[in-house]
Amino acid sequence: MTLSKTRLAAKPALVILALIMALALAVPAGAKYVPDSFADLAGKVSPAVVNIRIVKTIKQGPMTNVMPFPGQQQGPDQEGPQGQPPDLHEFFRRFFGQGGPGGNAQPREFKQRALGSGVIVDPKGYVITNNHVVAEADEIIVRLKGGEEWPAKIIGRDPKTDLALIKIDAKHDLPFLPLGDSDKVRVGDWVLAVGNPFGLEHTVTAGIISAKGRIIGAGPYDNFLQTDASINPGNSGGPLINLQGQVVGINTAIAPQGQGIGFAIPVNTTKAIMAQLREKGRVIRGWLGVTIQPVTKDLAKKFGLDEPIGALVADVVPDSPADKAGIKRGDVIIGYEGKTVKDMHALPRLVAETKVGSEVSLEVVREGKKRPLQVTIGELKAEAAASPKAAPQSEVKLGMGLQELTPDLAKQMGMAGKKGLIVTSVEQGGPAAEAGLMRGDVILEAAQKPVTKVSQFKDMAGKLKAGEGLLLLIQRRDSTLFVVIKSPDKK
């Protein structure tokens, strides 16, 4: 009897053991599990995350009508003049004059304060943060987790990627975090964000990598990691950390219209920028000398591509590396040093990261055929842009108004010597609007032929079949680009 009971009691235990073994066999080898707590990791990395407090002087002129209040012209972490609430400051401005109480209308200065975060990446006191945190700062104070405070100096800034390198001269080695490899980060990987949101020091939040390679319109080198780890004003410049305690990104932006959507600069971008800032105090980037645009499905068909891939060359800067290498307007760059150029956004990053003076190989599609080219990369220089004046209107078909570009109009618009047709109006929802045409654009070519008369364009448009597209080359401000305008499906 006793034996029978023992056997019966052993059966459930055997079943449980079998289930455990089955589950163990079902889990892939090398799989990692979510820890029960992030406490050990948070305790390990927090000492290397710092609070950054900046002060800068703002001058208010006597005729200023709008002050940069919180949530308007300022960054999200900045306070109003001398810390005043905006409504109180507006009260003084309206009822006591521009200078505040006493009616003093003379220009005056006030101190504007902002908060941000940073991460120590070298025991000698080098700190990575965002450019927008420290730009134009008169004073930068870095506060460590233990309460120590040190003044910091800017080693270098890079507005194009919103990164900055600052340094504090502590009397001892500081805790720092190693830099990981953001290329190895996968969508779904766990990450921690550490920073000082709303001045709440060393706040730790957890989430996952939601997406990679995000383009958010922040600059020409957009390539953000997206995360749902909570990021708020004050987190800017703080690290995004993997489960190994390595920095994989620098938190820099949020989507204000949504919750749980934040963006970080990949640490592999940070590494290259940091090295140049530390050595030269600025970033030297490669330059090709082309204006590029995305390749849409319609453009792909017009340029002989099987799929929308690469960067379409809308213009070539005279005497630039691209010009010297024989790159032409209408070429589609699909390869760079053996790497596929998947879309327009990939090319600027590849060129920027190339050492100035290097000779690189390109693959372009020209008139439907692939061609190899060699180009020597130049150095990117800052350039100014000009805006054209609005042109008078006249009505034409395809949902836009056109007017011939006279020499006088061309001179007014900063396009002396150019010939074409000015887009004077765009009908909402019409073919021109759907093609992306805007008022003030100048049509230089249609079907890759110069077009200078409205009647000439009408004839070409009139020959389009229902749903057929017409390839246009347009000039917008100081750049050119291609668009395809389609005839309505029903005429």
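Each reported figure results from applying straightforward, stated rules to the coordinates on display, with no laboratory input. Please read all numbers here as calculations on a predicted model, not as lab measurements. Don't worry about glycine lacking a Cβ; one is built from the backbone with ideal geometry, like all the others, and counts go over all protein chains shown.
For region 230-365, calculate the relative contact order in percent as a whole number, restricting contacts to Cα pairs under 8 Å that are 6 or more residues apart. Once divided by the residue count of region 230-365, the mean separation gives 18 percent.
For region 286-379, the relative contact order works out to 32 percent when only alpha carbon pairs closer than 8 Å and six or more residues apart are counted. The DSSP beta bridges internal to region 166-319 are antiparallel in roughly 95% of cases. Across region 168-175, rounded Karplus estimates of 3J(HN,Hα) from the backbone phi angles (6.51 cos²θ - 1.76 cosθ + 1.60, θ = phi - 60°) give 10, 9, 6, 8, 8, 5, 10, x Hz, Gly and Pro being marked x. Remark: the residue 211-residue 344 segment gains 46.0 nm on full extension, using 0.36 nm per residue and subtracting the alpha carbon distance. One decimal place: the segment residue 319-residue 361 gains 13.3 nm when fully extended, by the rule 0.36 nm per residue minus the C-alpha distance. Working ranking of peptides 113-122, 364-373 by packing, defined as the average number of other Cβ atoms within 10 Å per residue, highest first, is 113-122, 364-373. Spacing of the modelled spin labels on residue 337 and residue 111, each 7 Å from Cα toward Cβ, amounts to 4.7 nm.
With Cα atoms defining each centre, region 454-471 and region 303-371 are spaced 30 Å apart in the structure. Note on region 286-379: Kirkwood hydrodynamic radius from all Cα pairs is 12.8 Å, rounded to one decimal. Length available on full extension from residue 479 to residue 412: 0.36 nm per residue minus the Cα-Cα distance, which gives 22.5 nm.
Spin-label model, residue 427 to residue 149: label points 7 Å out along the Cα-to-beta-carbon direction sit 6.5 nm apart.
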